[in-house]
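So the structure is just underneath, and the comments pick up after that.
The values are calculated or read from the model by the stated rules, or taken from the named source; none is laboratory data. The model shown is predicted, which means the values in this text are computed figures rather than measured ones. Here Cβ is always computed from backbone atoms with ideal geometry, including for glycine, and neighbour counts include all displayed protein chains. Ligands, DNA and RNA are excluded from the accessible area calculation, which covers all protein heavy atoms including side chains. Shrake-Rupley method; radii C 1.70, N 1.55, O 1.52, S 1.80 Å.
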Amino acid sequence: MIETPFIKMLEQSVVRNWSSVAFTDYGSPTSMKYQDVAQEIERIHILLRQCGITPTDKVALMGRNKSYWAITYLGIMTYGAIVVPILQDFKPNDTLHILNHSESKLFFVTDSLYESLDIDQMDYVKAIFSLSTRDVLAIKTDLICKEDILPETITSIFDKQYPGGITPEKVHYCNKDNSEIGSINYTSGTTGFSKGVVTRLNALAGNVKFCSEHHVIYKQSRQVVFLPLAHAFGCAFDFLTTFCVGGHAYFLGKTPSPRILLQAFKEIKPTCIFTVPLILEKIYKKQILPLLNKSSVNWALKMPIIDDVLLKKVRQELVNTFGGEFDEIIIGGAPLNAEVEAFLNRIHFPYTIGYGMTECAPLISYSKAKDFKKGSCGKVLDGLMEAKVDHPDEEGIGELLVRGEHVMSCYYKNQEATAEVFTADGWLKTGDLGFVDKDGFIFIKGRNKTMLLGPNGQNIYPEAIEAKLNNMPYVMESIVIQRDSHLEALVCPDYETSGSLTSEELMAAMEKNRKMVNTLLASYEQIKAIRLYPHEFEKTPKKSIKRFLYTQY
């Protein structure tokens with residue numbers, strides 16, 4: 001168990017960093033200091049008390065990355081209630097299921113998302129509040145009087161409780177042990193089955209402790225928060241760790257397209273960047289490939305003397321693209337494209353790849369960029385997590401099992417799924433296939449549930465084939481599926497580069513790609529056909545393709 005209670009970490013940070021800037025909504029001329037956040041947290045506490053919320057109650061919130069989302073999360077948690085963050089990408093039916101399954105008593109939601117929901121189908125919710133305006137959107141019980149929870153009422157109570165305003169010595173949050181539940185996070189996985197991960201405060205404390213002690217994020221760090229806060233990856237580091245160490249979080253609040261992100265990086269100059277492979281790969285394709293494909297650059301790269309000079313220049317240009325002041329870029333959530341990784345290694349770019357899952361809140365392995373092993377996803381966290389391989393094959397590959405401080409308690413109200421994911425001696429089955437080397441570095445080969453069997457029982461990892469296919473001309477993304485006894489690939493074309501081609505020319509290019517990629521594959525991995533898909537594949541919030549939607553395509 002982590003010694004310092006997580007709630008105490010939050011309280012101490014508010015007091016220690018009272019006059020420092022905590023939150024900024026990107027594009028807004030104003031920011032919030034830690035003292036401003038403390039005041040807003042207390043308003044949330046008053047509101048929860050007015051609604052009769054107890055420490056065992058669940059409170060849900062759903063919306064874009066904004067300061068008030070973060071404040072509401074902090075308010076719920078420091079009050080002692082259980083946070084239920086809902087990804088804004090969930091469909092209305094999924095949102096209603098989560099609200100009912102979690103038995104959430106209150107719901108904080110962005111106005112536009114609220115409009116698509118049927119409140120009559122919310123079985124436990126007593127009241128709904130706007131994350132945009134903080135107004136009361138609806139009340140579903142006679143036990144709550146609207147006048148008691150209006151913003152002006154909350155302000156009046158606050159003024160009486162804190163005449164002259166709140167001060168550091170008056171900041172006292174709930175006394176909740178790390179063994180207790182902090183949040184229930186509903187997954188949005190590639191298998192299509194959403195489960196409620198019961199996260200103890202100890203797991204959050206462990207993630208924050210590791211990140212701060214290894215100086216990944218530190219006091220006065222600047223973070224561009226663009227990964228969804230309702231997902232464990234962005235929540236743990238961009239938000240919670242940054243807040244606990246006295247950093248400054250800039251909430252993007254927009255869809256993180258490469259253009260918007262690069263402008264934000266240029267203006268904010270982040271000190272550390274957390275991202276998923278898809279975003280980095282898009283920036284590589286749009287910013288770097290056009291430069292490398294210039295004839296003059298191609299020629300120069302073949303000259304041994306000029307090579308190093310040019311690579312340093314390319315490296316510096318890429319560093320500047322991300323703001324120029326970051327220590328490293330940390331990639332997680334999915335495998336990185338092999339071509340992109342090879343290029344980053346060639347120019348000695350400061351990146352590293354971590355590994356985690358919602359069930360571990362999320363971190364399992366990580367290493368600093370200077371210590372990172374190519375092809376790995378970091379080293380198992382010393383003193384916090386353990387990893388081993390279950391029933392390794394002749395190459396040492398098997399399902400990765402983990403245990404330690406970060407592991408969830410269970411899936412909420414789902415004993416069957418919980419029993420399936422834990423071994424009899426308490427190891428968590430990750431569902432990922434890979435191996436752990438002698439130094440404790442994890443290497444992932446594919447997902448257990450996506451692995452295919454070849455004609456003679458060979459293990460086929462579709463992600464590895466897709467990584468090669470995605471490097472081919474006119475391919476934006478792909479999925480390899482098994483039909484009868486052969487493999488086929490669904491390909492979403494890169495319409496920006498293939499727009500001038502006729503449909504016949506595009507299919508001819510894809511056939512050329514198929515033959516080329518087959519030269520890089522084993523005989524049992526050969527792709528028999530490529531079929532075009534008209535638009536991008538549907539993805540989870542961490543940008544992994546929802547494969548189950550396409551296996552029967």
Worksheet item: Has the stretch 42-55 got any residue that is assigned to a helix (DSSP H, G or I), without any contact (Cβ under 8 Å) to a residue 60 or more places away in the chain, touching a helix residue (DSSP H, G or I) at 6+ places or on another chain (Cβ under 6 Å) and closer than 28 Å to V224 by Cα?
Response: yes
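One residue is enough: does the stretch 151-168 have a residue meeting the conditions among the small types (G, A, S) and touching a residue at least 40 places away in the same chain (Cβ under 8 Å)?
Yes, the stretch 151-168 contains at least one residue that is among the small types (G, A, S) and touching a residue at least 40 places away in the same chain (Cβ under 8 Å).
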Practice prompt. Please identify the pairs in which a residue from the stretch 1-12 that is farther than 17 Å from E405 by Cα and open to solvent by less than 30 Å² (accessible area, probe 1.4 Å) has its Cβ atom under 6 Å from the Cβ atom of a residue that is assigned to a helix (DSSP H, G or I) and of a type in the set (V, I, T), counting only partners at least 6 apart or on another chain.
Written response: L10/T78
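Scan the helices (runs of 4 or more DSSP H) fully inside the stretch 437-553 and keep the ones with 2 or more residues being over 32 Å from the mean Cα position of the chain (by Cα) and surrounded by 13 or more Cβ atoms within 10 Å (Cβ to Cβ).
The qualifying helices (runs of 4 or more DSSP H) are 503-518.
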Worksheet item: If we keep just the residues of the stretch 217-262 that are in contact (Cβ under 8 Å) with a residue 12 or more places away in the chain and charged (D, E, K, R), which is nearest to Y366 (Cα to Cα)?
Response: D238
Item to complete: Starting from residues that are part of a loop (DSSP other than H, G, I, E, B) and in contact with a strand residue (DSSP E or B) (Cβ under 9 Å, 6 or more places away or on another chain), keep the ones in the stretch 264-293 and report whichever is nearest to V216 (Cα to Cα).
Response: C272
Practice prompt. Answer yes if at least one residue in the stretch 125-142 is under 29 Å from the mean Cα position of the chain (by Cα), under 30 Å from C360 (Cβ atoms), small (G, A, S) and at pLDDT 95 or above, and no otherwise.
Written response: no
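Looking at V59, is it among the β-branched types (V, I, T), under 23 Å from K146 (Cβ atoms) and assigned to a strand (DSSP E or B)?
Against the criterion (among the β-branched types (V, I, T), under 23 Å from K146 (Cβ atoms) and assigned to a strand (DSSP E or B)), V59 qualifies.
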Item to complete: Kindly indicate the residue of the stretch 334-354 that is out of contact with any Pro (no Cβ under 6 Å at 6 or more places or on another chain) and open to solvent by 30 Å² or more (accessible area, probe 1.4 Å) and also nearest to I364 (Cα to Cα) among those meeting that condition.
Response: P335
Worksheet item: Condition test on D393, is it surrounded by fewer than 22 Cβ atoms within 10 Å (Cβ to Cβ), closer than 24 Å to F435 by Cα, modelled with pLDDT under 90 and not hydrophobic (A, V, I, L, M, F, W, C)?
Response: yes
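Based on what the data block shows, is H172 open to solvent by 20 Å² or more (accessible area, probe 1.4 Å) and modelled with pLDDT of 95 or more?
Details: open to solvent by 20 Å² or more (accessible area, probe 1.4 Å): yes; modelled with pLDDT of 95 or more: yes.
The answer is yes for H172.
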Worksheet item: So, in the stretch 13-27, of the ones that are within 24 Å of the chain's Cα centre (by Cα) and not in a strand (DSSP E or B), which residue ends up nearest to V224 (Cα to Cα)?
Response: Y26
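How many of the residues making up the stretch 322-352 are more than 13 Å from the chain's Cα centre (by Cα) and not in a helix (DSSP H, G or I)?
Matching residues across the stretch 322-352 total 17.
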Worksheet item: So how many residues does the stretch 216-244 have that are among the basic types (K, R) and assigned to a loop (DSSP other than H, G, I, E, B)?
Response: 1
